[in-house]
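Below you'll find the structure, written out as structure tokens, and then a few comments.
The values are calculated or read from the model by the stated rules, or taken from the named source; none is laboratory data. Nothing here was measured: the structure is a model prediction, and the numbers come from that model. Glycine gets a Cβ as well: all are built from the backbone with ideal geometry, and neighbour counts include every protein chain shown.
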């Protein structure tokens, strides 16, 4: 039976676990920044935490759109890396950077000039809106910076250069936490700025992240060998056409998911500040605990894309079977960690109301169950199926589950049946389990292996 479920190739496991661990560490550092912000702001005031949590839905939408742009590019880049076609990698980076920068600028303008309108869609609490707006008018300037740096780091990841992202993210984390301590509370003779201090800290940290990433690409990298003229050149029409065809469903899936998450936050936002704070705490902790899941999806996508690019199609089936077993094991371990640590974790957050604490614990219990589903379906669909080239399936699947099932059920539960925040939260996260059946059927049919051209 072992031969049916596990690949007997040390290089496979070395590549998968090597990338997964490093990417997970990088993701952990990235989410540790959000966790540190949440902890530090919770110690300042629940209102500040809630305001920043709501505004961060705009940031989450940006992140999803940038990741959508990057993941579309990664499909081409990983395959081109398998073919040793560096020129094609330059072409796709050119396209991805321009699209990502444009997205960052648009979201920056919205966050800086229309924060109250955005926040008003998610809550009617004026104090929370005011705190979120103060944060938005500063953090908005970091969006274009974030858009560029993330594209560069994900492109490096596509050619199996992963350690640099971890080092850069670590430095970013240290800068962010240090500045948070000084600027949120007014330590070391700095002014007490509250949520505005958190925004300044993040802006400075992200700027440092971009500078370090560019420096690595310019002076150290020996794989991509990216130069300024590769970015400033006109976009290759053939590559652009293929990228739009393959990448558009990826981008739309990411964007609609980000919008859906904002709606989810808005639903809970209209159920009181305690529900907002609890959702912020639970979601932040969940993201931190499940970094290994996201990392496994990225690693599986790179390996699958490279294997197809090398035209070693006979390896796809055994690799995919092994991936599925590893995904399930990862989910069980992540769920256990989240469930066992939920009580110790909540003690870190101070100045939360007793109601917010109780809701946080309830939400984390729900997430410890849905994590198992997430660990299987997300890397299977977003990682493997999408890397295979069938990007439109993921878009259609997300649309059906999120927009036709989860959101309508949650809206009815919240505003028609007047259910408790816990019941609403369960409805919001139900798709993570429901998608597993679809993922299992789709993945094991192997119809998702597509041949995608690369620019010449």
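A few notes on this one:
- Test: residue in the stretch 389-405 that is under 27 Å from residue 44 (Cβ atoms) and in contact with a helix residue (DSSP H, G or I) (Cβ under 8 Å, 6 or more places away or on another chain): no
- Checking each residue in the stretch 391-414 for being without any contact (Cβ under 8 Å) to a residue 12 or more places away in the chain and over 30 Å from residue 242 (Cα atoms) picks out 408, 412.
- Unique match (being in contact with a strand residue (DSSP E or B) (Cβ under 9 Å, 6 or more places away or on another chain), assigned to a helix (DSSP H, G or I) and in contact (Cβ under 8 Å) with a residue 60 or more places away in the chain) among 276, 303, 308: 308
- Checked against the criterion of being farther than 30 Å from residue 37 by Cα and in contact (Cβ under 8 Å) with a residue 40 or more places away in the chain, the stretch 249-261 contains one or more residues that satisfy it.
- Residue in the stretch 344-357 that is surrounded by 20 or more Cβ atoms within 10 Å (Cβ to Cβ), modelled with pLDDT of 90 or more and in contact with a helix residue (DSSP H, G or I) (Cβ under 7 Å, 6 or more places away or on another chain) present: no
- Any hit, the stretch 59-71, residues being touching a residue at least 60 places away in the same chain (Cβ under 8 Å) and under 14 Å from residue 226 (Cα atoms): no
- Test for residue 363: is it on the phi < 0 side of the Ramachandran plot and under 20 Å from the mean Cα position of the chain (by Cα): yes
- Filtered residues of the stretch 96-111 (kept if surrounded by 23 or more Cβ atoms within 10 Å (Cβ to Cβ) and under 28 Å from residue 303 (Cβ atoms)): 96, 99, 100
- Count - residues of the stretch 228-247 that are surrounded by 12 or more Cβ atoms within 10 Å (Cβ to Cβ) and either in contact with a strand residue (DSSP E or B) (Cβ under 6 Å, 6 or more places away or on another chain) or free of Cβ contacts under 8 Å to residues at least 60 places away in the same chain (or both): 3
- The residues of the stretch 152-168 that are closer than 15 Å to residue 211 by Cβ and buried (at least 22 other Cβ atoms within 10 Å of the Cβ), listed by number, are 152, 153, 165, 168.
- Qualifying residue in the stretch 74-86 (condition: in contact with a helix residue (DSSP H, G or I) (Cβ under 7 Å, 6 or more places away or on another chain), buried (at least 24 other Cβ atoms within 10 Å of the Cβ) and over 29 Å from residue 311 (Cβ atoms)): no
- Number of positions in the stretch 101-132 that are assigned to a helix (DSSP H, G or I) and either free of Cβ contacts under 8 Å to residues at least 40 places away in the same chain or within 23 Å of the chain's Cα centre (by Cα) (or both): 21
- Residue list for the stretch 60-73, filter: surrounded by fewer than 24 Cβ atoms within 10 Å (Cβ to Cβ) and under 14 Å from residue 394 (Cβ atoms): 64, 67
- Selection over the stretch 415-433 of residues that are without any contact (Cβ under 8 Å) to a residue 40 or more places away in the chain and within 30 Å of residue 450 (Cα to Cα) gives a count of 1.
- Count of residues meeting criterion [without any contact (Cβ under 8 Å) to a residue 60 or more places away in the chain and either part of a loop (DSSP other than H, G, I, E, B) or under 17 Å from the mean Cα position of the chain (by Cα) (or both)] in the stretch 139-167: 1
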